[in-house]
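Novice: Dumping the structure here so I can ask a few things about it.
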Amino acid sequence: MATVTLTKLTKRYGTVGIVHGIDLDIADREFIALVGPSGCGKSTTLRMIAGLEEISAGSIEIGGRIVNDLPPRSRNISMVFQSYALYPHMTVRENLGFSLKIAGAAKEDMERRVAEASAILGLDTLLDRRPSQLSGGQRQRVAMGRAIVRDPDVFLFDEPLSNLDAKLRTQMRTEIKKLHAKVQSTVIYVTHDQVEAMTLADRIVVLKDGHIEQVGTPMDLYKKPGNLFVAQFIGSPAMNILPATIDKTGNPTVVSHVGGRKATVPIATPASAKGAAVSFGVRPEDLIIASGADYLFEGTVDYVEQLGEVQLVYVDIGRADLPLVTKLPGNVEVKRGSTLRLSANGEDLHIFDTDGRSFALHEAEAKAA
Ligand code: ADP
Ligand code: MG
């Protein structure tokens, strides 16, 4: 059990900066997801925590102890990778016990810990099989078992599910969640999949180009994205973003967007923002079919993707560069070419300044100051 603290954690390859001074406090037993697009520095960060990659500056503390110069085996961490690389000539039992064996554990101790791990992961009936006799999901479970037997303070996962098919991925996601509840250790979980991050993590860290964009609970990031990048990274399909100008500042703020239509947004803006160009955002699932004369958007249905429970409806609002997407219940009849009027609740509207920062964040910061 351990806290993990990253302070100004930095990685450079030669003169190229990859991770730019990350500060992060992870609580004991917390499940943290690091998300971000490919190449943003997730694996590099995790490998530095594991001790597989030297740090260029800053520090890493695990359980209150600075581990900057400790080799991986002395950090009491276990890492599970995307390619789970089991030893093909060993049985599941031998694979599970291998790290304990080379660490010189007593036979009884080893057997007990292998038994515990296989009970937690439901591997009991598979212990005498070899990896070639296992399914992809079972192999990944053995890889996790190998991490568990070492009873680490911190589990590090690097995209452990990306080699599995969609159905298995969902299943394993549930298993990882249950596993965390059972083993009660701190988890740092790297993924590029925002759904995995949303469903698994206590808190999500969104990374971009080696910088932290925002840290928060899944609902924080979903409801109050601090900037345009987070707004569009979390949620699927991505939040609709439209250019707009501020007509009235204060709280609520009134903005004009497509075709001069106005929206009243219950977020405070400073008087200096009057007339400012902003980005106006609304999530596809927050748009609803307007009942009265009060609506945000009017457009023609371009095409519909029926998914059964829901349908994604793409609406042409008269701007070829701004296709609007809305997620409606699957049982609503929506015809291609028909006119649709959409509205949304005020609290589901977002506005971002020209630097992409959310005005809701400005407001929260002003209150905190
Ligand atoms: P992610 O896991 O988020 O996809 P990585 O942490 O693997 O990203 O990589 C971050 C960046 O660091 C990438 O641009 C990658 O090309 C670069 N990088 C990774 N390893 C090395 C290396 N050994 N030498 C130089 N650049 C590297
Ligand atoms: Mg990676």
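Computed from the coordinates by the stated procedures, all read-outs in this text should not be read as laboratory data. As the structure is a prediction and not an experimental result, all values here were calculated from the model. A quick note on method: Cβ atoms are made from the backbone with ideal geometry, for glycine too, and the neighbour counts reach across all protein chains shown.
Novice: Helix 166-183 versus the longest principal axis of the chain: what is the Cα-based angle in degrees, 0 to 90, to the nearest 10?
Specialist: It is inclined by approximately 60 degrees.
Novice: Roughly how far apart, in whole Å, are the Cα centres of the stretch 10-63 and the stretch 261-301?
Specialist: Each part reduced to its Cα centre gives a spacing of 38 Å.
Novice: How much length is gained if the chain between A181 and A320 is pulled fully straight, taking 0.36 nm per residue apart and subtracting their Cα-Cα distance, in nm to one decimal? Show your work: numbers first, answer last.
Specialist: Values: separation 139, 0.36 × 139 = 50.04 nm, distance 4.82 nm.
My answer for the length gained is 45.2 nm.
Novice: Determine which residues of the stretch 326-368 fall in the zone a paramagnetic label at D302 would reach in this model, i.e. backbone nitrogen under 12 Å from the point 7 Å along Cα→Cβ.
Specialist: Correct set: 326.
Novice: Follow-up. Compute the long axis of helix 107-121 from its Cα atoms, compare it with the longest principal axis of the Cα atoms of the chain, and write down the angle in degrees, 0 to 90, nearest 10.
Specialist: 30
Novice: Given R₀ = 41 Å, FRET efficiency for N163-A290 by Cβ-Cβ distance, to 0.05? Spell out each step's value before the answer.
Specialist: On the way: r = 45 Å, r/R0 = 1.09.
Calculated value: 0.40.
Novice: Of N95, P71, V183, which is farthest along the charge dipole of the chain in the positive direction, counting Lys and Arg as +1 and Asp and Glu as -1 at C-beta?
Specialist: Going by the charge dipole, the pick is N95.
Novice: In a GNM of the chain with a 10 Å cut-off on Cα contacts, which of E333, E61, E111 has the highest mean-square fluctuation?
Specialist: Of E333, E61, E111, the most mobile in the Gaussian network model is E333.
Novice: Could you tally the net charge around V142, taking each other residue with its Cβ under 13 Å from the Cβ of V142, Lys/Arg +1 and Asp/Glu -1? Please report the intermediate quantities before stating the final value.
Specialist: Numbers: positive: R93, R129, R130, R139, R141, R146; negative: E94, D124, D128, E175.
Spelling it out: positives minus negatives among the neighbours equals +2.
Novice: Pairs of Cα atoms under 8 Å, at least six residues apart: use those to get the relative contact order of the chain, whole percent.
Specialist: On the way: 756 pairs, mean separation 55.0, N = 369.
Relative CO of the chain lands at 15 percent.
Novice: Could you list log10 I(q)/I(0) for the stretch 4-229 at q = 0.08, 0.13, 0.15 Å⁻¹, which the Debye formula gives when each Cα is one point scatterer?
Specialist: Treating every Cα as an identical point scatterer, log10 I(q)/I(0) equals -0.29, -0.77, -1.00.
Novice: Taking K and R as +1 and D and E as -1, what net charge do the other residues with C-beta under 14 Å from the C-beta of D165 add up to?
Specialist: Numbers: positive: R139, K167, R169, R173; negative: D193.
Here the charged neighbours net out to +3.
Novice: Any chance you could run the full-extension gain for D23 through S272? It's 0.36 nm times the residue separation minus the Cα-Cα distance, nm to one decimal.
Specialist: 86.4 nm
Novice: Going by how many other beta carbons lie within 10 Å of each one, how would you line up S59, S38, S279, fewest first? Can you show the working numbers first?
Specialist: Working: S59 14, S38 7, S279 20.
Sorted ascending by nearby Cβ count, the order is S38, S59, S279.
Novice: Taking springs between alpha-carbon atoms closer than 10 angstrom, which of I212, I55, I102 fluctuates most in the Gaussian network model of the chain?
Specialist: I102
Novice: Taking the Cα atoms only, what angle lies between the long axis of helix 136-148 and the longest principal axis of the chain, rounded to 10 degrees?
Specialist: Approximately 70 degrees, to the nearest ten.
Novice: Express in whole angstrom the spacing between the alpha-carbon centres of the stretch 173-203 and the stretch 309-344.
Specialist: If you average the Cα positions of each part, the centres end up 34 Å apart.
Novice: At what distance in angstrom do the alpha carbon centres of the stretch 206-236 and the stretch 73-93 lie from each other?
Specialist: Using only Cα atoms to place each centre, the spacing works out to 32 Å.
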